[in-house]
Structure formats: C-alpha cells, structure tokens
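The values are calculated or read from the model by the stated rules, or taken from the named source; none is laboratory data. All of these numbers come straight from a predicted model, not from anything done at the bench. Don't worry about glycine lacking a Cβ; one is built from the backbone with ideal geometry, like all the others, and counts go over all protein chains shown. What goes into the accessible areas is simple: the full protein's heavy atoms, side chains included, and nothing from ligands, DNA or RNA. Shrake-Rupley method; radii C 1.70, N 1.55, O 1.52, S 1.80 Å.
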Amino acid sequence: IVLGSIEPTDYPILFSGLKKYYSNGQATLEEKNHRIIVAPHEIDSRNLHKIYHNLKRIGFDTIYFSQKEKLEDSFVVIIDEVGILADLYRYADLAYVGSGFSDGIHSVLEPAVYNNAISFGPKYHIVDMAVSLADLRLATVIDSGDDFSLFLNLFDDKENLDKIHNSMQEYISKQKLASENLKNRDFAQIKSNG
C-alpha cells in the first residue's frame, strides 16, 4: 500500500487503522508479506520524525527511502525525497490519497492509472475524479481508523480486489477515450471555423 501525500490530519486515522489491521505490528506485516510506502506531503525533518515514531509505536521497523542499502529487506519505507510519488503507485495494490481531513484530497489520477484500489478522507468533493470514483464504488471514503482497517481487508479478499483493479482499468480507459474524442472534436471544430 502507498500512503500518498499524507498530512498530520491523516495520521490518527491511518495509524489507528494500521495498528488494528496489523495487530502484531512487524510480525503481522511480515506474515502477510505486505509492504507499506509512506509518502508525506511535506518532508521536513520534524514531520518525518513524527511519522517514524508513530510507525515505531505500532511496532513497525521503518526506514527512510534515502537508506537505499536497506530498501530490499524493508517492509515499511518513509519517502524522504520529492518527486517520486507518482511512480510509486505502480508498486501498490491499494492507495490512500492524503489531505482528505484538511483542505481536500490530492490527485487520485496517479493511483488510478496504476489500477490501485483507492481510499481517501471525507473532503474529496474538490476533485471531480474522486467524486466519480466514490460514486462508482471504485474508491472508499475513510472517516475513521476502523474504516481504514476495513479498507485494508481488501488484501484478504483477492476476488474483490481483482474486480476493483479491472474496473479501475476500464474506468481509466474510458476517461482516456473520452479525452481523445473531446480533443479530436475540438480540433475538428477549430479546423472547420478556421
């Protein structure tokens, strides 16, 4: 799972959900063979330490992305570099898009393009695609740590997770086709007016 562009308002929900789902911390994570990538919106040292200590409190062995020599054997990585989040979604099955408990969520396009099952907080109405995904039940709105823990249960329901991945792929293909048709129509209109 990728926790992308998360902010301090997301932390209580995410960390309580992780604690509930991975009840024995690192042992449960390793038993399930899951990886968690945490990409905070702000990577200042104070924020990174706050995330690190919250994950430690849950019982996770956590490293920073800049510790490249340890990446291969790690299960929990905090991204401490800018500009790589969009590419990280390709390695995930599930994604949480941050800021849904403050000003409003960030882009859902990046995880959608990689067919992730997506979740976010309740302030998602500023992003049209998020509204569409929530309406189609391709995204889960998270209001509590219990909600986030339930979202993580998708890992244990391969059939439903596969269905979401396939539906997301179909949704993205339709968006791309609609965009291309609109662009072609606009070009034809300009040409005929030209």
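Some values worked out for this structure:
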quantity: Amide H within-cut-off set for residue 38, under 5 Å, with H built and near neighbours excluded; calculated: 3, 77, 78, 79
quantity: Hz values of 3J(HN,Hα) by residue in the stretch 95-103 - Karplus curve (6.51, -1.76, 1.60), Gly and Pro given as x; calculated: 9, 10, 9, x, 6, x, 10, 10, 7
quantity: Percent carbon-and-sulfur accessible area, the stretch 1-131, ignoring ligands, DNA and RNA, probe 1.4 Å; calculated: 50
quantity: Net length gained if the chain between residue 162 and residue 107 were fully extended (0.36 nm per residue, minus Cα distance); calculated: 17.6 nm
quantity: The stretch 157-173 - phi-based ³J(HN,Hα) in whole Hz, Karplus 6.51/-1.76/1.60, Gly and Pro as x; calculated: 10, 4, 4, 5, 4, 4, 4, 5, 4, 5, 5, 5, 4, 5, 4, 5, 4
quantity: Most mobile of 39, 95, 86 in a GNM of the chain (Cα contacts under 10 Å); calculated: 86
quantity: Sequence of 114, 21 when ordered by accessible area, the most exposed leading, probe 1.4 angstrom; calculated: 114, 21
quantity: Residue-level accessible surface for residue 105, protein heavy atoms, 1.4 Å, Å²; calculated: 10
quantity: Cross-link partners of residue 123 among aspartates and glutamates (Cα-Cα below 16 Å; sequence separation of 8 or more within a chain); calculated: 7, 10, 103, 135, 143, 147
quantity: Å² per residue, accessible surface of the chain at 1.4 Å; calculated: 55
quantity: Rel. contact order, % - alpha carbon contacts under 8 angstrom, at least six apart, the chain; calculated: 22
quantity: Dipole of the chain, positive end: most advanced residue of 166, 28, 60 [Cβ charges, Cα centre]; calculated: 166
